[in-house]
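The structure appears below as structure tokens.
Quick note: the coordinates plus some simple rules give every number you see, no bench work behind them. Given the structure is predicted, the values throughout are model-derived calculations rather than measurements. When we count neighbours, we look across all protein chains shown, and the Cβ atoms used for this are built from the backbone with ideal geometry, even at glycine.
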């Protein structure tokens with residue numbers, strides 16, 4: 001029996017729960033495309049004769065191509081409806097993931113990772129649009145924190161699953177698992193029949209208006225920088241654990257539990273306190289916590305302590321940064337769009353473009369930072385810029401109203 005509702009403004013609790021469940025599973029699967037993949041990278045590279053640089057490029061391309069089509073997916077969701085756009089992007093992800101299980105060379109890896117990313121970007125942004133249709137303000141931040149909890153499943157569970165699969169069955173089964181898991185949110189979305197948005201929701205000139213909105217831009221960029229820092233850490237982590245700490249894939253995978261717990265703690269913190277502090281204040285808190293974590297990571301490589309000390313310090317920095325991102329990201333996304341009077345749903349896709357785009361740029365630059373001191377210093381610099389950005393003065397209500405007028 002499909003869940004149907006004539007209007008999202010008066011959506012029943014059943015509809016809301018169905019939409020949230022679909023969105024959470026979509027976000028989890030999209031992120032697992034990275035976390036299941038990370039532990040397999042050294043073994044995969046050996047089998048298909050791909051260099052470390054190529055493997056890191058496959059991570060960067062995923063982030064970039066998850067970002068590039070999000071506005072197009074958003075417009076498709078506005079024109080054809082949320083569910084058709086979600087299903088189309090989900091099928092793209094499923095087919096690409098299945099294809100990756102059969103690759104034999106680096107070009108196949110890179111091309112299918114691009115296709116997988118296009119699908120992942122679509123399901124993630126349309127899922128957030130569905131959430132924005134139903135919630136706003138602090139409640140929107142609370143619901144986005146649920147998506148962060150789904151991210152936890154992908155961050156911790158995905159890495160554990162990827163490590164175990166790689167060590168026992170082989171890396172090809174990791175991609176096959178992704179294809180099966182991705183079918184779940186696609187099936188769930190078919191149970192949610194939301195109405196097609198009324199014509200004119202995505203008015204012309206929305207991009208120009210958004211880019212002139214200081215609150216939107218600052219919040220979206222803050223979330224993007226936080227995402228960029230996490231992606232740059234993920235991009236290097238498999239090689240740091242394998243080369244610097246000589247850890248097997250299964251043990252690297254188990255460390256994903258730590259990151260998952262950290263993200264869960266941050267998401268739970270947001271869910272319980274955002275109504276008291278507000279999204280903007282919690283965004284600032286997240287930026288400061290991320291800076292503290294990046295400083296710890298930098299200390300590992302600048303002081304170069306013994307491995308027995310370096311490993312726990314690095315893990316502490318990684319966990320702290322992850323907690324900070326879990327605090328910053330949902331609040332930055334909510335603060336970016338909650339004040340908008342019209343076009344807020346399509347603004348979600350523009351927010352995603354900025355955030356994913358910044359992460360993509362950082363991931364492309366990451367492999368060029370071959371020295372770990374330079375790499376960790378870049379992380380700290382980005383985190384420091386984010387602290388300044390989150391603390392920047394915002395326009396008053398009257399100024400914002402005049403600008404929108």
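Residues considered: 389, 379, 328. Largest GNM mean-square fluctuation over the chain, using C-alpha springs under 10 Å, is found at 389. Rg of the Cα atoms in the chain, relative to 2.2 N^0.38 Å, amounts to 0.94.
Would you kindly state how much longer the chain becomes between residue 307 and residue 392 on full extension, computed as 0.36 nm times their sequence separation minus their alpha carbon distance, in nm to one decimal? Mind showing how you got there, number by number?
On the way: separation 85, 0.36 × 85 = 30.60 nm, distance 3.94 nm.
Result for the pair: 26.7 nm of gain on full extension.
Calculate, for residue 184 and residue 17, the FRET efficiency according to 1/(1 + (r/R0)^6) with r their C-beta to C-beta distance and R0 22 Å; round to the nearest 0.05.
Numbers: r = 16 Å, r/R0 = 0.72.
Efficiency, rounded to the nearest 0.05: 0.90.
Values of log10 I(q)/I(0) for the range 52-96 across q = 0.23, 0.27, 0.29 Å⁻¹ run -0.82, -0.95, -1.01, by the Debye formula with one identical scatterer at each alpha carbon and no solvent. With contacts taken as Cα pairs under 8 Å and at least 6 residues apart, the range 3-404 reaches a relative contact order of 27 percent.
Taking R0 as 41 Å, what FRET efficiency do you get between residue 79 and residue 49 from their Cβ-Cβ distance, rounded to the nearest 0.05?
0.40
Stretched out straight at 0.36 nm per residue, the stretch from residue 68 to residue 373 would grow longer than its current Cα-Cα span by 106.8 nm.
Angle, helix 13-35 long axis vs. longest principal axis of the chain, Cα atoms, 0 to 90°, nearest 10? On a 0 to 90 degree scale, this one is about 30. Against the longest alpha carbon principal axis of the chain, how many degrees, from 0 to 90 and to the nearest 10, is the axis of helix 137-152 turned? Roughly 30 degrees, rounded to the nearest 10.
With q set to 0.14, 0.25 Å⁻¹, the log10 of I(q)/I(0) for the range 308-370, from the Debye formula over equal scatterers at the Cα positions, is -0.61, -1.06.
For the range 221-274 and the range 110-127, compute the distance between their C-alpha centroids and round to whole Å. The distance from the Cα centre of the range 221-274 to that of the range 110-127 comes to 21 Å. Listed by Cβ neighbour count within 10 Å, with the fewest neighbours leading, 240, 225 appear as 240, 225.
Placing pseudo-labels 7 Å out from each Cα toward the beta carbon at residue 105 and residue 361 gives an inter-label distance of 3.4 nm.
Extents of the range 1-142, taken as max minus min of Cα coordinates on every principal axis and listed largest first, are 55, 28, 28 Å. Counting other Cβ atoms within 10 Å as a rough exposure proxy, the listed residues 329, 102, 216, 86 run 102, 216, 329, 86 from fewest neighbours to most. Take the Cβ atoms of residue 176 and residue 245, set R0 to 25 Å, and the FRET efficiency comes out at 0.30.
For the chain, find the longest principal axis of its Cα atoms and tell me its angle to the long axis of helix 158-168, 0 to 90°, nearest 10. Around 40 degrees separate the two axes.
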